Amino acid sequence: MLRFEGFTSKWMLRRRRAGMVLLCVCAALVLLPAALAQPDFTLTAPGSMSPDATAPGGTSSANLTMVAGSGFVGPVTLGCTVTPTVAITSSYFPTCVVSPATLTASGGASATVTTYLQTPQISYTIAFTGTDTSGTQTSQLNLTVLSVSPQFTITVQRAAAPSSVVAGTGATAVVNVNPLDGYSTPTGGYITLYCASITPLVTVAPVCSFSTNPSKSLQINGNTTVPSTLTISTFGPISCAAVYSRSFYAFWLSIPMIGLVGLGATARDKKRRKVWGVMALFVLGGALLLLPACGNTINNTCTSSTTAPNGTTPANTYTLTIIGVDSNGVVSSNSSSTSGGASVSLGVTAPPK
């Protein structure tokens, strides 16, 4: 009896062991493919947020790209989370939304991060995820929240054309005024552009003027860039071809005299001939009296003169550095002692002799 009970116990033990082995094999067959499976898509983000820093209350965005791989089933659910890089608590951490939230084929989506005026001014990690039945793909970017002052910059849209001129002529260029961080001109105000410096320093240097200055029309409201035309003028000699005598304009006074002489020559009566002759003498006398008055303003001889009393702009290559100042005294942000600001170059050659 004892031997039978012992045999039964061993058989039950072996049966339990076999069941456990079978259960483990089944679990491995079910879980192993899932563990070895790789996501059948890729999710990529750009190199940085746009912008990668924003003031409290501002927004930043990133364009995500999902590319479906072989065996793609989909759909892919997109999402993003914002994590502060500093261990603090706040009810005003930035929020992130992805649109569209689901992709059923290769495509793109836009992620927008929104901050609040009370958002802590620190750095944040933005994690983007894409998930389907094959797994999850993750990509991360950084965003910094900090207070910034609205400002503007000046850039050169078109260089001076022509790039080289003869002294006494000029050239034009186009510069852009670009708003940053929500800058707008003061109410009722405007931006005035200047050539802060012209190098090298010479006595008769080129002179610059801007198309938007006289009308006070350089105003910014929004994110639109505003252009302004820069005119560069130089000083040089006036060509002799431009100088002429006005004596010619008195010559017309002799035309009536010629007509009177002709009428007298055709008259058959001697008395009429005398009358026409006397009238011709009067006309001739008047012409001789008025001729100096019409012709003495400019000498017939041509001598070189200049458009400036001080002389001619020397031959050289000049660099004009441009800055802008609005009516509140805000100066273009890329104008400093180190960067100098936007600049335009112009070559000036000596006038022909």
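The test for being assigned to a strand (DSSP E or B) and assigned by TED's automatic domain parsing to the domain that holds C96 holds for L141. Per the listing T129, T187, the residue uniquely surrounded by fewer than 19 Cβ atoms within 10 Å (Cβ to Cβ) and within 27 Å of S332 (Cβ to Cβ) is T187. Quick check on P179: is it outside the structural domain of D52 (by TED's automatic domain parsing), of a type outside the set (S, T, N, Q) and under 30 Å from T65 (Cβ atoms)? When the stated conditions are applied, P179 passes them. Yes or no: Y92 closer than 20 Å to P56 by Cβ and more than 31 Å from the chain's Cα centre (by Cα)? So Y92 passes the test.
Inside the stretch 91-102, residues that are outside any loop (DSSP other than H, G, I, E, B) and of a type outside the set (A, V, I, L, M) make up a count of 4.
Each row is one residue, and each column tells you yes or no for (1) in contact with a Phe, Trp or Tyr (Cβ under 6 Å, 6 or more places away or on another chain); (2) polar (S, T, N, Q); (3) over 28 Å from L180 (Cα atoms); (4) at pLDDT below 90.
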{"site": "P51", "(1), (2), (3), (4)": "no, no, no, yes"}
{"site": "P84", "(1), (2), (3), (4)": "yes, no, no, no"}
{"site": "A127", "(1), (2), (3), (4)": "no, no, no, no"}
{"site": "T144", "(1), (2), (3), (4)": "no, yes, no, no"}
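Picking from residues in the stretch 54-78 that are surrounded by fewer than 17 Cβ atoms within 10 Å (Cβ to Cβ) and among the small types (G, A, S), the one that is modelled with the highest pLDDT is S61. There is at least one residue in the stretch 110-132 that is of a type in the set (V, I, T), in contact (Cβ under 8 Å) with a residue 40 or more places away in the chain and more than 24 Å from T59 (Cα to Cα).
Note on the stretch 38-90: enclosed strands (runs of 3 or more DSSP E) holding 3 or more residues that are closer than 23 Å to P120 by Cβ are 59-68, 76-84.
So is V174 under 30 Å from P351 (Cα atoms) and either in contact with a Cys (Cβ under 7 Å, 6 or more places away or on another chain) or not charged (D, E, K, R) (or both) or not? So V174 passes the test. In the stretch 202-213, is there at least one residue being loosely packed, with under 13 Cβ neighbours inside 10 Å, at pLDDT below 90 and assigned to a loop (DSSP other than H, G, I, E, B)? There is no residue in the stretch 202-213 that is loosely packed, with under 13 Cβ neighbours inside 10 Å, at pLDDT below 90 and assigned to a loop (DSSP other than H, G, I, E, B). Number of residues in the stretch 40-93 that are without any contact (Cβ under 8 Å) to a residue 24 or more places away in the chain and among the aliphatic types (A, V, I, L, M) equals 1.
Scanning the stretch 105-122 for residues that are loosely packed, with under 14 Cβ neighbours inside 10 Å and either under 30 Å from G71 (Cβ atoms) or at pLDDT 95 or above (or both) yields A105, G107, G108, S110. Of everything in the stretch 147-172 that is at pLDDT below 95 and in a loop (DSSP other than H, G, I, E, B), the residue that is farthest from L218 (Cα to Cα) is G168.
The values are calculated or read from the model by the stated rules, or taken from the named source; none is laboratory data. A quick note: this is a predicted structure, and the numbers were derived from the prediction, not measured. Cβ sites come from the backbone with ideal geometry, for glycine too, and all protein chains shown count toward neighbours.
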